[in-house]
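**Student:** Here it is, the structure, as structure tokens.
The values are calculated or read from the model by the stated rules, or taken from the named source; none is laboratory data. In this text, all values refer to a predicted model and were calculated from it rather than measured experimentally. No Cβ is skipped: glycine too gets one built from the backbone with ideal geometry, and neighbour counts run over all protein chains shown.
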Amino acid sequence: MRVVTLRQKEFEQACFRLAKDVALEYSPDVVIGILTGGGYLGRIIYDVLNDDGTKMYVEAEAHRPGHVVRSGGAVKKILAIMPRRILDLLRMLESRLLEWHYSVKSPEARDVSINMPENVHDRLLAGGCRILVVDDAIDSGGTMASVKDFLAGEYPGNEIKTAVITVTTASPVVEADFSLYCDRVLVRFPWSNDMK
């Protein structure tokens, strides 16, 4: 297990590399970014893949039932004064605890909502579309599985593939079709609370 830090420039480069990897094997009709991190990634991947102007982009939200958005103000201040080595160790500890948690309890389904524009909705209802669901990371896989299940239920008859920067656990409930890192590589993104 290791931690990779992607500042804004490195994050954008990683998005371009992932988009190029996707383009070698898959040409999606619709790109769906899972907010928040997957939205940043999804918009860049969409821009790279939409070279012919025919692709569509939408964003999805997926939260655990009862999820409340919290501000990281106080935590961010504490993390800002910690040495990078300690921050990396804390990330690794958190990841191991989450992996242990999900080894004894399956990830719970997320509430999924997608503000689907009518033209995208109609296109997906017709079937035969190639959909690329994008997120920053797969940890337990619960978020990605919930979004894929939602899309398969609402819009059957379409092909769904997934792309992420990293897969952080050994056995997520859903695998990424495309990823830059796997085998438990943790990524510090530009928006992470512990980014310095």
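Rundown of residues vs (1) under 16 Å from ASP135 (Cβ atoms); (2) at pLDDT 90 or above; (3) surrounded by 14 or more Cβ atoms within 10 Å (Cβ to Cβ), yes/no style:
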site	(1), (2), (3)
ASP29	no, yes, yes
LEU41	yes, yes, yes
ILE44	yes, yes, yes
GLU59	yes, yes, yes
ASP88	no, no, yes
LEU97	no, no, no
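**Student:** Would you please name the residue that is surrounded by the most Cβ atoms within 10 Å (Cβ to Cβ), looking only at residues in the range 125-151 that are touching a strand residue (DSSP E or B) at 6+ places or on another chain (Cβ under 7 Å) and assigned to a helix (DSSP H, G or I)? It would help to see each step written out before you state the result.
**Tutor:** So in the range 125-151, the residues touching a strand residue (DSSP E or B) at 6+ places or on another chain (Cβ under 7 Å) come out as 129-138, 143-144, 146-148, 150-151.
Okay, now just the ones that are also assigned to a helix (DSSP H, G or I), so 143-144, 146-148, 150-151.
Details: THR143: 27, MET144: 29, SER146: 23, VAL147: 26, LYS148: 19, PHE150: 19, LEU151: 21.
Filtering first and then ranking leaves MET144.
**Student:** Name the residue, out of ARG84, ARG64, ARG43, ARG91, that is among the basic types (Lys, Arg), in contact (Cβ under 8 Å) with a residue 12 or more places away in the chain and in contact with a Leu (Cβ under 9 Å, 6 or more places away or on another chain).
**Tutor:** None of the others qualify; the one that does is ARG91.
**Student:** Might you let me know whether the range 82-102 holds any residue that is over 18 Å from PHE189 (Cβ atoms), hydroxyl-bearing (Ser, Thr, Tyr) and out of contact with any Ser or Thr (no Cβ under 6 Å at 6 or more places or on another chain)?
**Tutor:** no
**Student:** Suppose we filter LYS55, LYS9, LYS20, LYS77 for residues that are over 17 Å from VAL187 (Cα atoms), modelled with pLDDT of 95 or more and either of a type in the set (A, V, I, L, M) or exposed (fewer than 13 other Cβ atoms within 10 Å of the Cβ) (or both); which single one remains?
**Tutor:** Values: LYS55 fails: either of a type in the set (A, V, I, L, M) or exposed (fewer than 13 other Cβ atoms within 10 Å of the Cβ) (or both); LYS9 fails: over 17 Å from VAL187 (Cα atoms); LYS77 fails: modelled with pLDDT of 95 or more.
Selected residue: LYS20, the only one of LYS55, LYS9, LYS20, LYS77 that is over 17 Å from VAL187 (Cα atoms), modelled with pLDDT of 95 or more and either of a type in the set (A, V, I, L, M) or exposed (fewer than 13 other Cβ atoms within 10 Å of the Cβ) (or both).
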